[in-house]
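The values are calculated or read from the model by the stated rules, or taken from the named source; none is laboratory data. This structure is a prediction, so every number in the text was calculated from the model and none was measured. Neighbour counts run over all protein chains shown; Cβ positions are idealised from the backbone, glycine included. Areas reflect the complete protein model, heavy atoms only, side chains present, ligands, DNA and RNA absent. Shrake-Rupley method; radii C 1.70, N 1.55, O 1.52, S 1.80 Å.
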Amino acid sequence: MQLDVVIDRGSPVPLYHQLAEQLTEAIDDGRLQPGDPFENEIALAGRLGLSRPTVRRAIQEMVDQGLLVRRRGLGTTVANRKVHRRARLSSLYDDLEAEGREPRTEVVEIELRTDERAAAALDLDADTEMLSIVRVRSAGDQPLALMHNWLPPAHADISREDLQEQGLYALLRRRGVKPVVARQSIGARMPTAAERRSLGMRSGQPVITMTRMAFDASGAAIEFGDHAYRAEDYTIDLMLDER
């Protein structure tokens, strides 16, 4: 499939990155589907008036991100679908919906309890009872993440049914609470036994971890999250810009 690509040679953004970004958008919005053959490197370079090294670098960037797969004898194809999250303040539920996938939620736990680490993150006294929520988030029948969130006592009335029907940030926005800034840490490790069971993982497969403290416009902490994602189904995309 030939895609319309516009290269701005007057832009400070490198040509290879312009190409990679537009091809990535085509995967994100479904114009390119998993398993689709990718346009030949020579043909793509000739059609866009780019050098082969420029096109090769763009393709390699997408291979490195897990968007494309090179197979001997078969050429380059679009990889099986992952969740590609931009580094922005959004929920996994919102990202799956934006990709046209079917977010599903299994609520494993919802109860009031204390937790010193979460209380410190939410700037609460250590003995404060918070709403503890543990969910498995899936795309269709494929589990993607085991998510543990803590909310201040003001949100103790959030129900299991609410969480099964909507994403957490959508519920908070409906209550007039809008996260506008967050402090986020991303890492990787081997999963616990409970995480392996919940995510249907084989022994030896790693998880990507993310902890997040989100704040509203006044600077008040509104939620603390500690999540584990299947590494083979999840990537985080960063755009770095040196000013």
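Structure data summary
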{"quantity": "Residues of the stretch 168-180 that turn out to be touching a residue at least 24 places away in the same chain (Cβ under 8 Å) and open to solvent by 20 Å² or more (accessible area, probe 1.4 Å), as a count", "calculated": "4"}
{"quantity": "Selection within the stretch 181-225 - among the hydrophobic types (A, V, I, L, M, F, W, C), more than 16 Å from the chain's Cα centre (by Cα), surrounded by fewer than 16 Cβ atoms within 10 Å (Cβ to Cβ) and under 25 Å from L131 (Cβ atoms)", "calculated": "V181, A194, A217, A220"}
{"quantity": "Some residue of the stretch 134-154 being of a type in the set (A, V, I, L, M, F, W, C), free of Cβ contacts under 8 Å to residues at least 24 places away in the same chain and open to solvent by 20 Å² or more (accessible area, probe 1.4 Å)", "calculated": "yes"}
{"quantity": "Residue count, the stretch 67-92 (criterion: under 26 Å from A214 (Cβ atoms) and either modelled with pLDDT under 70 or open to solvent by 30 Å² or more (accessible area, probe 1.4 Å) (or both))", "calculated": "10"}
{"quantity": "In the stretch 118-133, the residues that are surrounded by fewer than 19 Cβ atoms within 10 Å (Cβ to Cβ), free of Cβ contacts under 8 Å to residues at least 60 places away in the same chain and closer than 16 Å to T211 by Cβ", "calculated": "A120, S132"}
{"quantity": "Only listed residue being open to solvent by less than 20 Å² (accessible area, probe 1.4 Å), closer than 30 Å to L146 by Cβ and modelled with pLDDT under 85, chosen from D64, D95", "calculated": "D95"}
